[in-house]
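So the structure is just underneath, and the comments pick up after that.
The values are calculated or read from the model by the stated rules, or taken from the named source; none is laboratory data. Bear in mind the structure is a predicted one, so any value in this text is a computation, not a measurement. Neighbour counts are summed over all protein chains in view; Cβ atoms, including those assigned to glycine, are modelled from backbone coordinates with ideal geometry. Keep in mind that these areas ignore ligands, DNA and RNA; they rest on the heavy atoms of the full protein, side chains included. Shrake-Rupley method; radii C 1.70, N 1.55, O 1.52, S 1.80 Å.
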Amino acid sequence: MDALKQELKSKIIEVLNLEDIAVEDINDNDALFGDGLGLDSIDALELIVLLDKDYGIKLTDPKEGKNIFQSIDTMAAYITANRTK
Amino acid sequence: MKGCYINGMGIVSVQKTFDSEFLSEVIVNETENVLYAQQPSYKEMIPPAMIRRMAKGVKMGIYASTKALEEAGIEIPGAIITGTGMGCVEDSEKFLKAILDNDEQFLTPTSFIQSTHNTVGAQIALGLQCKNYNFTYVNGAVSMETALIDAKMQLDNDELTNVLVGGIDETSSHTLELFKLTQIIKKEEDKPYSVLNSNSKGVVFGEGANFFALANTPNDTTYAKIEDVAIYSALQPEQVANFVTEFLKANNLAISEIDAVVFGNNGDVTHDGYYNVSSTIFNETPQVFYKHLSGEYNTASGFGLWLAANIMKQQQIPAIVKMNGLQKDSYKTILLYNQYLGKDHSLILLKNAKA
């Protein structure tokens, strides 16, 4: 699980082009949206594509995203439970 | 005194022009066939949340436009009019590459959103929260001149008191490779590259953003007055002299009244003939060139306009841009002529704002 969390952090930094942010700067339970990392709705779309492309998870209900993308912890837990690749 | 005055300018180019005195730190590069823009620090000007999604062209456009508005003392322009030949080609390439790489699946929104030609004008407006007229002209190598014509018409007709106008083009790797294959860009073996008396095909490619804050009245920062702008789609080399003389005639000017002429020579031997007017009708006029400093791109004439406006304000022609040894005591009327690949001919007439 820890390896997956590290992997997710690097992928998020790369995909969302988070300049000046390193893997160490993101805590596992930091909020990704709002006050935490400050991601927005366009980033949410990028994360949905990331889940599909890299882990074979298709989010059919956009409302699910709110819970899944709360933090690295919630993302990693959801990926572990649902990944198809 | 109403007219179309350049009251502020901002530039990002392949030279270190963004924070230095006029042409004080320029370098003539004769060994690279692609010149990349010198990038200023954008962090002080663009919020981090926005900057991370922006391609080079958008950032250059925001930087140059902000500088132009600051210099002219304009907070919210009456209109934002941009010109670009190739648009946001970097994000267009990213998006198209993602389509191919991922078999038309997993397409992410960011590069698609930013890939349209009007991204620069839109992002400038978003940054300023400017909801005024916003238009982008995509008209080859007269894109910036077309934007200028729109701006000038609105100022001349008293529809607006000020306008932000700019030209912007960025390079991108795949497009550059295609341009090399088709010899739009000069071959490696043609070094050293020169834009005058060249005997090789193609150009040295560049990129940049050139923005102008125009107003219908001059102020303390005014560089020059844009008296007239003309564009012509396609001409034969022998028709250029007539294009020029008719334009001057319409402005009640004789050739001898032009104090300097700024040519867009780009070193492409195939189309150098278009600049024969330099040795025919303008053989007694001080001549200026600039594409050895800017490189060639669809809105490179914006660099020429920036150069000419500076010459007008400073009343002297720097040695590095002199095409001939002629000079005048004062520069009250400057003409610019540019063309690209034998098409998209443009003339811009500048007058001293105090004249």
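Remarks
- The residue list B:I317, B:N252, B:Q339 was ranked by how far each Cα lies along the charge dipole of the range B:225-351 toward its positive end, using unit charges on Cβ atoms, and B:I317 comes out on top.
- Stokes-Einstein diffusion for the range B:1-52, with the hydrodynamic radius set to the Kirkwood value over Cα pairs and evaluated at 37 °C in a medium of 0.692 mPa s, equals 236 µm²/s.
- Sparsely packed trypsin sites (Lys or Arg not before Pro) within the range A:39-72, loop by DSSP, other Cβ within 10 Å at most 16: A:K58
- The packing ranking of peptides B:9-21, A:3-15, B:216-228, highest mean first, is B:9-21, B:216-228, A:3-15, where packing means the average number of other beta carbon atoms within 10 angstrom of each residue.
- Burial of 30 Å² or greater, the range A:26-42 residues [accessible area, probe 1.4 Å, versus chain by itself]: A:I42
- Computed Kirkwood radius, in angstrom, where 1/r is averaged over Cα pairs of the range B:42-171: 15.3 Å
- At q = 0.10 Å⁻¹, base-10 log of I(q)/I(0) for chain B (Debye sum, equal scatterers on each alpha carbon): -0.57
- Semi-axis lengths, largest first, of the ellipsoid equivalent to the range B:225-351 are 20, 17, 14 Å, with √(5λ) applied to each eigenvalue of the Cα gyration tensor.
- Candidates B:G202, B:G304, B:G127: whichever shows maximal mean-square fluctuation once chain B is modelled as a Gaussian network with Cα springs under 10 Å: B:G127
- Listed peptides B:97-105, B:168-176, B:53-61 appear in the order B:53-61, B:168-176, B:97-105 once ranked by packing, highest mean of other Cβ atoms within 10 Å at the front.
- Column: log10 I(q)/I(0), Debye, Cα scatterers of the protein assembly as shown, q = 0.12, 0.14 Å⁻¹: -0.96, -1.21
- With a Förster radius of 60 Å applied to the C-beta separation of B:L235 and A:N27, the computed FRET efficiency comes to 0.40.
- Total accessible surface hidden between B and A, rounded to 100 Å², 1.4 Å probe: 1100 Å²
- Dipole of the protein assembly as shown, positive end: most advanced residue of B:P40, B:Y223, B:A300 [Cβ charges, Cα centre]: B:Y223
- Highest-fluctuation residue, B:F205, B:F106, B:F289 considered, GNM on chain B with Cα pairs under 10 Å: B:F106
- C-alpha center-to-center spacing [the range B:270-344, the range B:36-90] in angstrom: 26 Å
- Compactness of chain A - radius of gyration and Dmax, Cα, Å: 11.7, 33
- With every protein chain in place, the protein assembly as shown: carbon and sulfur % of accessible area (1.4 Å): 50 percent
- Placing unit charges on the Cβ atoms only, positive for Lys and Arg and negative for Asp and Glu, gives chain B a dipole magnitude near 380 debye about its Cα centre.
- Neighbouring Cβ atoms from other chains, within 10 Å of the Cβ of residues in A:43-52, number 3 on average.
- Calculated accessible area for the range B:5-215 comes out at 43 Å² per residue, all protein chains present (probe 1.4 Å; ligands, DNA, RNA ignored).
- For the range B:242-323, the per residue solvent-accessible surface stands at 32 Å², with DNA, RNA and ligands left out and a 1.4 Å probe.
- Other-chain or far-sequence residues with amide H under 5 Å of B:N134's (modelled H): B:I80
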